[in-house]
Every structure is written in C-alpha cells, then in structure tokens.
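These notes concern the structure reproduced below.
The values are calculated or read from the model by the stated rules, or taken from the named source; none is laboratory data. Keep in mind that this is a model prediction, so the values were computed, not measured. Glycine also receives a Cβ, built like all others from the backbone with ideal geometry; neighbour counts cover every protein chain displayed. We work out accessible area using only protein heavy atoms, side chains counted, and drop any ligands, DNA or RNA first. Shrake-Rupley method; radii C 1.70, N 1.55, O 1.52, S 1.80 Å.
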Amino acid sequence: MDLDTAIRQMPKSEMHLHFEGAFRWSTVRELHPDGRGMPATPPWTGRPFAGWDGFTQVFRDFLKPVTGTPAWIERHAFEALEDLALQNVRVVELLVSHRFHAWRGLSEQEVWEAVVRGRDRARAAYGIEAPLFLGVSRDQLPADAERVFETIAAFAHPAGWLRGIDLQSDERARANREFTGLYAKAAALGLKLRAHAGELGGPENVRDAVELCGVRHISHGTRAAEDPQVVAGLARGGVWLHLCPSSNRLLGVSPSLASHPLRAFLSAGVRCTVNADDPLLFGTDTTSEFRLLATRMGFAPAEIAALAKNGFLASLLPPAEIDRACREIDAAFAGIPSPP
Ligand SMILES: [Zn+2]
C-alpha cells in the first residue's frame, strides 16, 4: 500500500469540526434562494479570507439562508456525517451552534432534536459516532451564555445528547477568563470541556482556558507557540490541541503550512490532533488535512499514523473501540517505509 492509500483508508476522527461549516455545497446550491446562479465549487475556495469578517460573511450570506427548518437541519446533519463516514471517519465530536439554526423561530430544543435525528440516521447507516457539543458564542455576555447553557442542558443532558461544550467565535470579543462560571456549570454535569483559544487570541487565552476554566481540550491553540512557558505547561498538563492547519493558513493565523507550529508542539511533548474545522469554508476535508502533513508539512508516515491515533485517544469513544482503531491504523501503515 502507498502512503496516499493508507491515509485514505485508515480510520479517522474529527476532534474539531463545526456542523455549520460542514454543509454540503451541492445542498447549499439547491436550497439557497440564489443557488441557481452559484458555481459548481464555492466561490471562496483556494483564497485566504479577508480576515475574520470575510470568513463570517460566508456563513451569513451562503449558509444561514439554507438552515432554520427542522427538515433542512436534519438533512445537513445527515449529509455532513455521511461525507465524513465516506472518508472512514469513525467519530466526530460535532460542534453545534444552535443559534445559527434558530433564526426562523425554532426553539433550542427543536434545533437539537433535528440535529439528533440526522445524526442518528447517519449512525444507523454508517456506524459513525457523533457526540454533540454545544458551541457557545463569545458575542454574548457570560451570564447570557450560562442561561442558554442551562436551557439546553435541561433537555439535552438527560437525553444523553449533550456531551460537552466549546467556546467559539472571535476571541478578541471576550476572553476565556470571562467564562469561568459557564465552565463550572458544564464541569458539574461531567461534560467534556473544550475552548477555542490561541487562534485570534494570544497564548494567554490558551493558558487561561486551562488554568481558569479547567479545559483539557483546546480547539486550535496555535498561537500558544508564541510563549514557550505556555507550551511547556500544555505538555506538563497533558492538554490536547486540536489543530487545523488549512484553517490557520486561510485565516492568516499561520502565514504558511510550512511555518505551522504543529511539529514544534509535538517536539515539546504536547498532545495534538489534526482536523478540518470548517471543511466547506476551507475547501478541505479530514483526508486532505492528513495528506497535507505528507505533501506540504514534511511529516513521515510513522508521524502521520501517530497523529491519526491521537485523534482516537483524545475522543469519547470507549477504550475497546479506540484500541481497535489504533490497530487498524497500524495495519494500514505497515510496510510503508519511514525515512531514517
Ligand atoms: Zn473551530
């Protein structure tokens, strides 16, 4: 087997994937009021975004108009997971921004029920697991974020739908240290705690997520590389960074793939995974991100296999399933020579 085939066939995971950034383009064209005039590939593909505003503009103009009804939300959830399952992605810790889907008047519960229906259909069809995470936006006051969390947790936690939280959107709006109350509430329910940090915010926002919010899984963490003390703390604490190289390049967080700090983190002993973030926005998918490790970032086959296994070790899958996926990854890479 060659390296490209091994990457395609190996079991994969997604520890950093936004539901709203994983819609299928053909479906966007079908459902959007202006879809008939849209090109076969998304018009933004291949170009860096004009900053964070250019990035969020795509969500507003192209994606928001194609959600907001239960049938459409269910369809997007099924299709996003189908697209992942067809890459042999076995587990996705799917981040859901319920507000994005509620603009036509759906309640939080109606949004979540629709996501769960699509998720469960995908699991029945492909066996893909997708524990759901509540995406909390920073463009609200921390007290409001806590109220929304309690509203959703009241129905989603007893049902077993809510497995964790993540704080997302522009870190410059509000820092992680303002949300310690939210994290205390989530921790009290035994949820997995994640936070975006070190993307538009600096290394101090990564440190605060860990030390003040109790987070062990950082979405990105890229800019932690600017402070060796923060990096050493991540390594010491066994904190995971769920990195997304294409996303970092196209949003200007990392000037190039060659200068991305993934290798520096691994050398420093930080546990890392590789993920797609928003595949539709960044013109990527899980397989492509792993391919880039080989073709653009200088990673050897054994290093790529280790990163793929990390994606399972960081996940909520039961230990026996993690072991099985790791064995399958080893089998896919057996016989592929690594350079000395
Ligand atoms: Zn993200």
When the stretch 241-265 is checked residue by residue, the ones that are touching a strand residue (DSSP E or B) at 6+ places or on another chain (Cβ under 6 Å) and within 20 Å of residue 228 (Cα to Cα) are 241, 242, 243, 262, 265
Restricting to the stretch 66-81, name every residue that is assigned to a helix (DSSP H, G or I) and either basic (Lys, Arg) or open to solvent by 30 Å² or more (accessible area, probe 1.4 Å) (or both). 70, 71, 72, 74, 75, 78
Picking from 91, 58, which residue would you name as being buried (at least 16 other Cβ atoms within 10 Å of the Cβ) and part of a helix (DSSP H, G or I)? 58
For residue 119, indicate whether it is within 21 Å of residue 9 (Cβ to Cβ) and either over 16 Å from the mean Cα position of the chain (by Cα) or open to solvent by 10 Å² or more (accessible area, probe 1.4 Å) (or both). no
Among the numbered criteria (1) under 27 Å from residue 150 (Cβ atoms); (2) in contact with a Cys (Cβ under 6 Å, 6 or more places away or on another chain), which one does residue 241 miss? (1)
Could you tell me which numbered condition residue 203 fails, if it satisfies all but one of (1) in contact with a Phe, Trp or Tyr (Cβ under 8 Å, 6 or more places away or on another chain); (2) crowded, with 16+ Cβ neighbours inside 10 Å; (3) over 25 Å from residue 109 (Cβ atoms)? (1)
Just give me the residues in the stretch 32-55 being in contact (Cβ under 8 Å) with a residue 40 or more places away in the chain, in a helix (DSSP H, G or I) and open to solvent by 30 Å² or more (accessible area, probe 1.4 Å), in sequence order. 51, 52
Residue 217 versus (1) more than 16 Å from the ligand (Cβ to nearest atom); (2) over 15 Å from residue 200 (Cα atoms): which is the lone unmet condition? (1)
Considering only the stretch 163-192, state which residues are of a type in the set (Asp, Glu) and more than 15 Å from the ligand (Cβ to nearest atom). 178
Residues in the stretch 193-207: is at least one among the acidic types (Asp, Glu), modelled with pLDDT of 95 or more, part of a loop (DSSP other than H, G, I, E, B) and within 13 Å of the ligand (Cβ to nearest atom)? yes
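What do you reckon, is residue 292 within 22 Å of residue 201 (Cβ to Cβ) and not in a loop (DSSP other than H, G, I, E, B)?
Criteria not met by residue 292.
Listed here are the residues, each with its yes/no results for (1) under 16 Å from the mean Cα position of the chain (by Cα); (2) of a type in the set (Ser, Thr, Tyr).
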site: 221; (1), (2): yes, no
site: 226; (1), (2): no, no
site: 240; (1), (2): yes, no
site: 246; (1), (2): yes, yes
site: 276; (1), (2): yes, no
Within the stretch 165-175, does at least one residue satisfy the condition of being open to solvent by less than 40 Å² (accessible area, probe 1.4 Å), at pLDDT 95 or above and in a helix (DSSP H, G or I)? no
Taking residue 86 as meeting all but one of (1) under 18 Å from the mean Cα position of the chain (by Cα); (2) more than 21 Å from residue 316 (Cβ to Cβ); (3) crowded, with 17+ Cβ neighbours inside 10 Å, write down the number of the exception. (3)
Given the structure, is residue 306 loosely packed, with under 15 Cβ neighbours inside 10 Å and either over 25 Å from residue 212 (Cβ atoms) or aromatic (Phe, Trp, Tyr) (or both)? no
